[in-house]
1. Working only within the range 151-172, note down all residues that are among the aliphatic types (A, V, I, L, M) and either at pLDDT 95 or above or in a strand (DSSP E or B) (or both).
2. Show the residue pairs that are 6+ apart or on different chains and have beta-carbon atoms under 6 Å apart, the first residue being within the range 302-322 and on the phi > 0 side of the Ramachandran plot and not assigned by TED's automatic domain parsing to the domain that holds M341, the second being buried (at least 20 other Cβ atoms within 10 Å of the Cβ) and at pLDDT 95 or above.
3. So how many residues does the range 31-61 have that are at pLDDT below 85, in a loop (DSSP other than H, G, I, E, B) and either crowded, with 18+ Cβ neighbours inside 10 Å or hydrophobic (A, V, I, L, M, F, W, C) (or both)?
4. Considering the range 211-236 alone, what residues qualify as being touching an Asp or Glu at 6+ places or on another chain (Cβ under 7 Å) and modelled with pLDDT under 85?
5. Is there any pair linking a residue in the range 149-168 that is among the acidic types (D, E) to one that is not in a loop (DSSP other than H, G, I, E, B), with Cβ under 8 Å and at least six apart or on different chains, and which?
6. List the number of the failed condition for A395; all other conditions in (1) touching a residue at least 24 places away in the same chain (Cβ under 8 Å); (2) under 30 Å from S286 (Cβ atoms) hold.
7. Which residues, counting only those in the range 285-306, are farther than 20 Å from C227 by Cα and assigned to a helix (DSSP H, G or I)?
8. Would you mind telling me which numbered condition in (1) surrounded by fewer than 18 Cβ atoms within 10 Å (Cβ to Cβ); (2) part of a helix (DSSP H, G or I) G195 fails?
Amino acid sequence: MSWSKLNKTINANSVIPLDALSCRDFGVKLPADFPFRKVKFTCQALAMLSQLNDYDIKMVCADIMQICANPNAQNSIKHSRNPLRRLWRTKYPFRNYHFLIEYSLKNGFINLEDILFDKQLYGSKETFSAERTMLYEVKRRSSHSYDKAMNKKELDKVREAWDQEKIIPTTRINTEHAAVNGMLNELTKAAWLMGTHLDSAYEGDGIKAYTLFHNPTDRVKLDLVECAFDKRLGTKSHNAQHLAAVLAQNSQQGKQVKWLAHSQGAIIFCAALEHYRIYYGKPLTSQQLAVHGSGSNIERLKRIANSTGLKVVAIRNNPYDLVPNLAGRNDLSASSFVRSMKFRGLVTGEDAGASPHTLPFLGLVTYADQLQMLGYNDKADIVRKFIKTLPITDARL
């Protein structure tokens, strides 16, 4: 069995009854409708809960309530040979198992003895949909960064600048920088790509490590469904609710965090801010956001960010990128449509260096040089013709 404790230093097994007030003394915030009269905790279970963010606590509490409704459920008994020991496996989110709740029935109470995490969910998977939304700390291996037009060998060095093998799972942000990746990014790709985007967004910060809020991919169709779901009004996705809880955790701890959201990551971030405003509400003045290749409408994102006190510090969208232009509805002009359609093959293709969407946008002049360096001379000529129509003061140059 692959279950492991998040905190191995607390082994106390004494059982503690709690109420809505006393649970806060242990650093645990439980919902008002929690069945306190039916449940007791061990110190170990409380220690586990105290390390989780609000979203994870909410999901665990939902399972505890299911246990209270049916403590002898067949699926809670079949995992153990001991008839007095019961294990409840949580499906979170969708088909991925997340937490395992160990409990027993004594004197009419449900004693929650431990809450464990399945370490098999950590890291990258051959089946990308088996990866789960969670935080990872990613460390830099070399000083290479994407700051000019580069050939394939140089781009390979940029990919290798971030450690994609020793990505460390974490329950909270302990770095100054953090990022939310976009569509079709399995964990290893997200690790180097978001590090590359952070370098461009916060140039000069000398980033040695950052925290990745990993948005797993379920392939194109389901990723697009997630995007549409988060853009609508009403309940947001698991990803957005989880991110909102991370933002709240940072705010409660007074952490200064510089965020980067790329592509679908901007949609998730916008949805998370909308969820945060409703369920948390405290100003996010200690955090800031840079946006690259935005899948979200920038004006909408700015409005919701302003209402929460979060500052949007930089926006980089390539004029040839269909994601911010069309999907994000940031430029629906006829010229934008034509540009986007001419380069749509590079957006959906495998060549990250030539794509107007994948790598950070460093300006049209650099992008034209990048295309030529990689052999896309016809596309480079198109970009250079467009450059000639722009005033020398245009920020996109």
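The values are calculated or read from the model by the stated rules, or taken from the named source; none is laboratory data. These figures come from a predicted structure and were not determined experimentally. Here the Cβ is made from the backbone with ideal geometry for all residues, glycine too, and neighbour counts use every protein chain on show.
1. Within the range 151-172, L155, V158, A161, I168 meet the criteria.
2. Close Cβ pairs satisfying both conditions: G309/L284.
3. 3
4. Selection gives P216, T217.
5. Going by the 8 Å Cβ cut-off, the qualifying pairs are E160/W192; D163/V138; D163/K139; D163/R140; D163/A191.
6. (1)
7. Filtering the range 285-306 for residues farther than 20 Å from C227 by Cα gives 285-288, 306.
Across the range 285-306, the qualifying residue is only N306.
8. (1)
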